[in-house]
Amino acid sequence: MTTNNSQPASEAEWQSRNTQLEQQMRLLWWPGRRLKLATESFALGQDCRHHGYKTLAAVCFRRVQTLLPLQHPNASKTSFETFALLAASHNYLGLLSLDAGSPDEARPEFERAVEIRTELRSLFSKERENEVYLGGALCNLGHSVADSDTLRAAAYYEQSLLVLRHPTQTCECSYWDEARQSWWCEQLEALGDALGLQWVALAPAFVDNAMRGLASVTKPSKPLNDP
């Protein structure tokens, strides 16, 4: 998802952009208005989170969910785009709660993101972008339970890695090669960056994140006679 290149310089300007979107909620009867406003709200939420305005970011992500109160996706392109946006809003709300030190509030948001992404995966099995974000949401779900249930966290991290990696298709994309040192890996990462395909660059970061998480909850215990 891209964000607005002309970014506000103050909190008041961010608030003004948010107010404009709120006012446009009165025009939902226009065809395509809901998805358009949801997309703009999501982009504003990303911008606000990036600049530290986390409360306003949460407002924007919740507006996405208000605009898209859907149950199940179907096999259409519009449905895919709509539900991918909805899943992303849940994932970002979870991250905001996790950043605030509230893993119990983050958990249901990540669970909903995983649920939606899993449904999309069953309908669009070749959409690798969706799989990457599913892997990311699973990793985040692991983070949300890491302090309370290490076995459950380890299972989520392992699921994340299974989704993110395709060992039988090594190097078709950067994150399928665990070492990420081949010529193809380097070329595809560069291509993803040049084309603005954020998920291509995020995929190896998600792999590393899941590996660190898994290592943190599966550290061998020290013998009793160790210092």
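The values are calculated or read from the model by the stated rules, or taken from the named source; none is laboratory data. If you're wondering where the values come from, they're calculated on a predicted model, not measured in any experiment. Backbone-built Cβ (ideal geometry, glycine too); neighbour counts: all protein chains shown.
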The one condition in (1) farther than 19 Å from Leu214 by Cβ; (2) assigned to a helix (DSSP H, G or I); (3) at pLDDT 95 or above that Thr168 fails to fulfil: (3)
Enumeration of residues in the stretch 9-60 that are free of Cβ contacts under 8 Å to residues at least 12 places away in the same chain and crowded, with 18+ Cβ neighbours inside 10 Å: none
Which numbered condition Ala88 misses (of (1) crowded, with 24+ Cβ neighbours inside 10 Å; (2) touching a residue at least 40 places away in the same chain (Cβ under 8 Å); (3) within 14 Å of the chain's Cα centre (by Cα)): (1)
First in the stretch 96-113 and part of a helix (DSSP H, G or I), second anywhere and of a type in the set (Val, Ile, Thr) and surrounded by fewer than 19 Cβ atoms within 10 Å (Cβ to Cβ), Cβ under 9 Å, 6 or more apart: Leu96/Thr55
Residue in the stretch 60-77 that is in a helix (DSSP H, G or I) and within 22 Å of Phe206 (Cα to Cα) present: yes
Test: residue in the stretch 5-13 that is assigned to a helix (DSSP H, G or I) and modelled with pLDDT of 90 or more: no
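A quick yes/no check of all residues on (1) within 21 Å of Thr78 (Cα to Cα); (2) modelled with pLDDT of 90 or more; (3) of a type in the set (Asp, Glu):
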{"site": "Gln23", "(1), (2), (3)": "no, no, no"}
{"site": "Trp29", "(1), (2), (3)": "yes, no, no"}
{"site": "Arg33", "(1), (2), (3)": "yes, no, no"}
{"site": "Ala38", "(1), (2), (3)": "yes, yes, no"}
{"site": "Ser41", "(1), (2), (3)": "yes, yes, no"}
{"site": "Cys48", "(1), (2), (3)": "no, yes, no"}
{"site": "His51", "(1), (2), (3)": "no, yes, no"}
{"site": "Ala57", "(1), (2), (3)": "no, yes, no"}
{"site": "Thr66", "(1), (2), (3)": "yes, yes, no"}
